[in-house]
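J.: The structure's right below; bear with me while I get my questions together.
Only the coordinates and a few stated rules stand behind these numbers; no lab work does. None of these values were measured; they are calculated from a predicted model. Please note: Cβ atoms are built from the backbone with ideal geometry, for glycine as well, and neighbour counts cover all protein chains shown.
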Amino acid sequence: MTDRLTIRQPDDWHLHLRDGAMLRAVLKYTALQFGRAIVMPNLRPPVIDAARARSYRDEIRAALPPAFAGAGPGSKFEPLMTAYLTDSTDPDQLEDEIFTAAKLYPAHATTNSAHGVTDVAKIRPALERMEKIGLPLLVHGEVTDHEIDVFDREAVFLDRVLTPLRRDHPGLKIVLEHVTTREGVDWVRAAEGPTAGTITAHHLLIDRNAMLVGGIRPHMYCLPVAKRATHRVALLEAATSGDGKFFLGTDSAPHPISDKESACGCAGIFTAPNAIELYAEAFDQTGRLDRLEEFASLAGPRFYGLPVNQTRVTLVRGEAKVPARIDVSDEKAVHPFRGGETVAWRLEFA
Ligand code: DOR
Ligand code: ZN
């Protein structure tokens, strides 16, 4: 049994950091674990142009704790910025070097997506430009039609939207984000052209029972929502297969406890404090810890055409307690995934 595992420092290819007090409360967790993170643009208001992306990146850098200055853990963290696509995105904005990728939120699909895209036909000029300059398209893959069951929204999106989009833009780099279904896994595997899928730690560890059995558990609710167990098995197979089309994206999405534990609780699971440890648990379940480095640290940079991180981190087997709440301000706190319980691995800093 492997009790220690040293891997190249991982990156998080899908992360929500928010801004203001929430950013200051959550950033350090990601910066300690990951070399880089693709930062989602669904702020209020969203990050739709280069100037706003630049000021947001400045805000993120300024929010790193002073202790992270110098050469220690967290000091090299690099936020990679994304553009929030709208029906009227100016393709010229996407040429700005601040952007590592652009994000397609179907309008009203999830948190802060009201300004998202109402019809993919409307962003054709943006997609053509992205294809030309090699800017990856990151996709929240769910339809929003009211008549489609929430558990079917990913699979229907693949048929109705993503398959034609893949065909019409053969050179476009496409990432199907937070894949949650067997259909999503199969779609990524079969897709031609530069195609990848990110997988969250929570979708590798929970199915919908975790959210609905014994009472409604709002901290297990996210979008796309966790599906039945057979889909979790498909995700585990994909993540641990060694296929470089699948790589790490936590979708860690902090919300104040008061917004989650509510009559209309919002979507998002906050995994950042123990993200890589949670992935290690999932890989260990399938006896494939040897493939964690490919998934967490190598496949993502290859897809994005970026160098791998030079630093290494070590995971050590051993129970570690997760705090039940992390304070954001005097009134607000967030509840991390597994809060009040334990994770089976610890991260050791050299
Ligand atoms: O669960 C989610 N939370 N899914 C998303 O797509 C957005 C995210 C958020 O921003 O809270
Ligand atoms: Zn997300």
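J.: Which lysines have a Cα lying under 25 Å from the Cα of residue 245, excluding residues fewer than 8 positions away in the same chain?
T.: 103, 132, 173, 227
J.: For the residue pair residue 325 and residue 128, what label-to-label distance in nm results when each label sits 7 Å from Cα along the Cα-to-beta-carbon direction?
T.: It works out to 5.4 nm between the two label points.
J.: If you don't mind, another one. For residue 333, what charge total do you get from the other residues with a beta carbon under 12 Å from its beta carbon, if Lys and Arg give +1 and Asp and Glu give -1?
T.: Local net charge: -2.
J.: Hey, another quick one. Between residue 189 and residue 54, what is 0.36 nm times their sequence separation minus the Cα-Cα distance? Round to one decimal in nm.
T.: 45.1 nm
J.: Using only helices, what value at 222 nm comes out for the chain when you add -39,500 (n - 2.57) per DSSP H run of length 4 or more and divide by the total residues, to the nearest 500 deg cm²/dmol?
T.: Result for the chain, helices only: -7500 deg cm²/dmol.
J.: Separation between the residue 92 and residue 314 pseudo-spin-labels, each 7 Å from Cα along Cα→Cβ, expressed in nm?
T.: That separation, rounded to one decimal, is 5.4 nm.
J.: Using the Cα gyration tensor of the chain, with a ≥ b ≥ c the square roots of its eigenvalues, what is the shape: rounded (a/c below 1.5), prolate (a/b larger than b/c) or oblate (neither)?
T.: rounded
J.: Per-residue counts of other Cβ atoms within 10 Å, averaged by peptide: what ranking do you get for 5-16, 298-309, highest first?
T.: In descending order of packing, they fall as 5-16, 298-309.
J.: Once you list every other residue whose beta carbon is under 14 Å from the beta carbon of residue 37, what net charge do they have if Lys and Arg are +1 and Asp and Glu are -1?
T.: +2
J.: OK, next. Picking from 297, 75, 113, which is most flexible by a Gaussian network model of the chain using Cα springs under 10 Å?
T.: 75
J.: So, by mean Cβ neighbours within 10 angstrom, what's the order for 100-111, 23-34 with the highest one leading?
T.: 23-34, 100-111
J.: In sequence order, what are the phi-derived ³J(HN,Hα) couplings for the stretch 325-341 according to the Karplus relation 6.51 cos²θ - 1.76 cosθ + 1.60 with θ = phi - 60°, rounded to whole Hz, with x for glycine and proline?
T.: For the stretch 325-341, the Karplus-derived couplings read 8, 10, 6, 9, 8, 4, 9, 10, 9, 10, 10, x, 3, 6, x, x, 10 Hz, x marking Gly and Pro.
J.: Another question, if that's okay. How far apart, in nm, are two points set 7 Å out from the Cα along the Cα-to-Cβ line at residue 264 and at residue 349?
T.: According to this spin-label approximation, the distance is 4.2 nm.
J.: Count charges around residue 50 for me, please; just the other residues with Cβ under 11 Å from its Cβ, Lys/Arg as +1, Asp/Glu as -1.
T.: -3
J.: To continue, here is another question. Arrange the peptides 143-152, 236-245 so that the one whose residues have, on average, the most other Cβ atoms within 10 Å appears first.
T.: So the peptides 143-152, 236-245, ranked by packing, come out 236-245, 143-152.
J.: Okay, moving on. With a length cut of 20 Å (Cα positions projected on each helix's long axis) and a Kyte-Doolittle mean of at least -0.5, go through the chain and give me the DSSP H helices that pass.
T.: 20-33
J.: Before anything else, pin down the relative contact order of the chain: Cα pairs under 8 Å, at least 6 apart, normalised by residue count, whole percent.
T.: Computed value for the chain: 18 percent relative contact order.
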